[in-house]
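The values are calculated or read from the model by the stated rules, or taken from the named source; none is laboratory data. On a predicted model such as this, the values are computed, not experimentally measured, just so you know. Because the Cβ atoms are built from the backbone with ideal geometry, glycine has one as well, and the counts that use them run over all protein chains shown.
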Amino acid sequence: MPTPKRRLGEVGEQAAAAYLERCGYTIIARNWRCRDGEIDLVAREGDQIVFVEVRTRHDQHALETITLAKQQRLVALAYHYLSAHDLPATTRWRIDVIALTARGGRIVDYDHVIAAVGED
């Protein structure tokens, strides 16, 4: 049985995927894993691959939980994904963050930060 935190994360990931689809994105993968970690969502927007980190919290500080170490890990995971799928080096990609606020088991706020994490 999933913990309450895990259930909240699952609700957030489902809501984020539905939001992205409403915005015209195509979801390619959910919870893509490799030896170094997991990417919550992989989507396509036009000709660009979008790696999405989803943060769901009960307060409005979800974005603040993306530390420098987490950003570096997300970039490394993006490169792993591109390599694992034999995508060319010219593939356009970015890392977005979707921060969700939940209250009473429902998502009450979305904050979609496009290109939130860079390669630097």
Check: In the stretch 1-8, is there at least one residue being closer than 30 Å to GLY105 by Cα and under 13 Å from the mean Cα position of the chain (by Cα)?
Finding: no
Item checked: Residue that is exposed (fewer than 13 other Cβ atoms within 10 Å of the Cβ), modelled with pLDDT under 90, over 15 Å from VAL113 (Cα atoms) and of a type outside the set (A, V, I, L, M), where the choices are ASP86, ASP47, ASP59, ASP36 -> ASP59
Check: Just one of ALA116, ALA18 is of a type outside the set (Phe, Trp, Tyr), closer than 27 Å to THR3 by Cα and not in a loop (DSSP other than H, G, I, E, B); which is it?
Finding: ALA18
Next item on the list: Considering only the stretch 1-14, state which residues are part of a helix (DSSP H, G or I) and either within 19 Å of ALA116 (Cα to Cα) or without any contact (Cβ under 8 Å) to a residue 24 or more places away in the chain (or both).
Entry: PRO4, LYS5, ARG6, ARG7, GLU10, GLY12, GLU13, GLN14
Check: Only one residue in VAL108, VAL113 is among the β-branched types (Val, Ile, Thr), under 17 Å from VAL11 (Cα atoms) and surrounded by fewer than 18 Cβ atoms within 10 Å (Cβ to Cβ). Which one?
Finding: VAL108
